[in-house]
Amino acid sequence: MEDCIFCKIVNKDLPSEIVFEDNEIIVFKTTQPLAPIHVLIVPKKHIASIDRLEDNDIELAGKLVLTARNIARDLNISEKGYKLMFHVGEHGGQEIQHVHLHLMGGAKMEEEIKIIK
């Protein structure tokens, strides 16, 4: 997608502080951190949302989570714990229409979800 900010980062059209990259995934620091360590794990394949994953994306979906685990270990936050979070759709708080997994840690994480009726 030509107007997708994450696709622009994948294609190196926009700068980012890359933590990890392979053929399928790129991991970079967010510009709006909510924790001392806050990175985004992003598939290079453009998929608008978790809700748009296809059955043949099962390995990619699993790889996102395992990559998060590996990055947490590399950043020395796995022992005390960390938070993984997907936002899905408008009501789930998704702002960028490209699947991305938030990895946050480096401090005790509080629950920030507020239920609005």
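Every number in this text was worked out from the coordinates using simple rules, so none of it is lab data. Just so we're clear, the structure is a prediction, and the values are computed from it rather than from any experiment. Because the Cβ atoms are built from the backbone with ideal geometry, glycine has one as well, and the counts that use them run over all protein chains shown.
Kindly indicate the residue of the stretch 49-62 that is under 12 Å from the mean Cα position of the chain (by Cα) and part of a helix (DSSP H, G or I) and also nearest to residue 92 (Cα to Cα) among those meeting that condition.
Among them, the one singled out is 50.
Let me confirm something: among 45, 12, which residue is of a type in the set (Lys, Arg), over 12 Å from residue 101 (Cα atoms) and either surrounded by fewer than 13 Cβ atoms within 10 Å (Cβ to Cβ) or touching a residue at least 40 places away in the same chain (Cβ under 8 Å) (or both)? Working first, answer last.
Numbers: 45 fails: either surrounded by fewer than 13 Cβ atoms within 10 Å (Cβ to Cβ) or touching a residue at least 40 places away in the same chain (Cβ under 8 Å) (or both).
None of the others qualify; the one that does is 12.
Quick one: is residue 48 out of contact with any strand residue (DSSP E or B) (no Cβ under 7 Å at 6 or more places or on another chain) and under 26 Å from residue 109 (Cα atoms)?
No; evaluated as a whole, the condition is false for this residue.
Going through 20, 6, 28 one at a time, which residue ends up being among the aromatic types (Phe, Trp, Tyr), in contact with a strand residue (DSSP E or B) (Cβ under 6 Å, 6 or more places away or on another chain) and either under 16 Å from residue 87 (Cβ atoms) or exposed (fewer than 13 other Cβ atoms within 10 Å of the Cβ) (or both)?
Result: 6 is the single residue among 20, 6, 28 that is among the aromatic types (Phe, Trp, Tyr), in contact with a strand residue (DSSP E or B) (Cβ under 6 Å, 6 or more places away or on another chain) and either under 16 Å from residue 87 (Cβ atoms) or exposed (fewer than 13 other Cβ atoms within 10 Å of the Cβ) (or both).
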